[in-house]
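One structure is given below, encoded as structure tokens.
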Amino acid sequence: MILILLGAPGSGKGTQGRRLSERFGISYMASGDLLRRAIDQHTPLGEQVRQYVERGLYVPDDVIVPAALHEIHRIREETGASGVVLDGFPRTREQAQALDVALEAEGKRVKRVLFLNVPKDVLVNRLAGRWTCRNCGATYNLDQNPPRTPGVCDRCGHALFQRVDDRPETVERRLNVYLESTVPLVAYYRQKRRLVEIDGNRPMNEVTEALVSGTGCHELSGQRR
Ligand SMILES: [Zn+2]
């Protein structure tokens, strides 16, 4: 089962994507994590994408598409999971088409595209207060979900930092880039009748339940494709 989670930076899709993967027993792939890991480890991919990520810009299709497809296969081989939740990929209509072509060649298809819809002013507030654990990747929000001890990760005790792309000067640009490229992507999946729109401006648990029922699958029956 291949699910795609669409949502702006700050829509909560990282948290929700992990929850969906747990509920259905499938893998979770965040393209943002993939790119940051490549940058931290100075891999050839990392060197290629660093300038884009640090400026809050999108990585070009001819770089991200093969990298994401490679990662989807790697995850499948490593975990043996029968499905994946994709977060942050595809990001453009062209990427979505490339993904469809690649999956079709393997006799597979995207089952559902879940679009987490959150108003822009809410996104700006959420993003400007976001801090991340460098060690385990947990994210906190100073308003909604603060760490118990300021500046320290609840989960693993490491120091929190503000990612370059969560700093106020980058937030507005990220949102505009997102909105511009996502409108055609949403239209693409709507036309293919695979889009399910979810109101993401609600408590996290309510959003999770809406997403689970939006997949049209029963929990842990996700192994059936
Ligand atoms: Zn941590």
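Some observations on this one:
- Listed by Cβ neighbour count within 10 Å, with the fewest neighbours leading, T132, T15 appear as T15, T132.
- Share antiparallel - DSSP beta bridges, the chain, percent rounded to 5: 25 percent
- Of the residues V152, T215, A98, the one whose Cα sits farthest towards the positive end of the charge dipole of region 91-225 is A98 (charges of +1 on Lys and Arg Cβ, -1 on Asp and Glu Cβ, taken about the Cα centre).
- Scanning residues 5 or more positions from E197 or on other chains, those with amide H under 5 Å from its amide H are F115, with H placed 1.01 Å from N in the peptide plane.
- You can think of it this way: the chain between R55 and V101 has 13.6 nm of extra reach, that is 0.36 nm per residue less the Cα-Cα gap.
- Hits among aspartates and glutamates - C-alpha to C-alpha of K120 under 18 Å, sequence gap 8 or more where chains match: D143, D165, D166, E169, E172, E180, E197, D199
- Estimated vicinal HN-Hα couplings, Hz - region 135-145 in sequence order (Karplus 6.51, -1.76, 1.60; Gly, Pro = x): 7, 10, x, 4, 10, 10, 10, 4, 7, 8, 8
- Whether the chain is rounded, prolate or oblate, judged on the alpha carbon gyration tensor where a/c under 1.5 counts as rounded: rounded
- Three-way shape label, region 55-161, alpha-carbon gyration tensor, a/c 1.5: prolate
- Annotation: amide H of G7 within the under-5 Å range of L116, sequence separation 5 or more or interchain, hydrogens built in the peptide plane.
- Per-residue Karplus couplings for region 42-48, computed as 6.51 cos²θ - 1.76 cosθ + 1.60 with θ equal to phi - 60°, are listed in order as 6, 6, x, 4, x, 5, 5 Hz, Gly and Pro entered as x.
- Treating r as the C-beta distance of E77 and R18 and R0 as 25 Å, the FRET efficiency rounds to 0.75.
- Computed from backbone phi with θ = phi - 60° and the Karplus coefficients 6.51, -1.76 and 1.60, the 3J(HN,Hα) list for region 189-197 is 6, 5, 5, 7, 6, 10, 8, 10, 8 Hz; x is used for glycine and proline.
- The mean sequence separation of alpha-carbon pairs under 8 Å and at least six residues apart, normalised by the residue count of the chain, gives a relative contact order of 31 percent.
Readers should treat all values here as calculations from the given coordinates under stated rules, not as data from a laboratory. Since the model is a prediction, treat every value here as computed from it, not as a measurement. Positions of Cβ are backbone-derived with ideal geometry, glycine not excepted, and every protein chain shown enters the neighbour counts.
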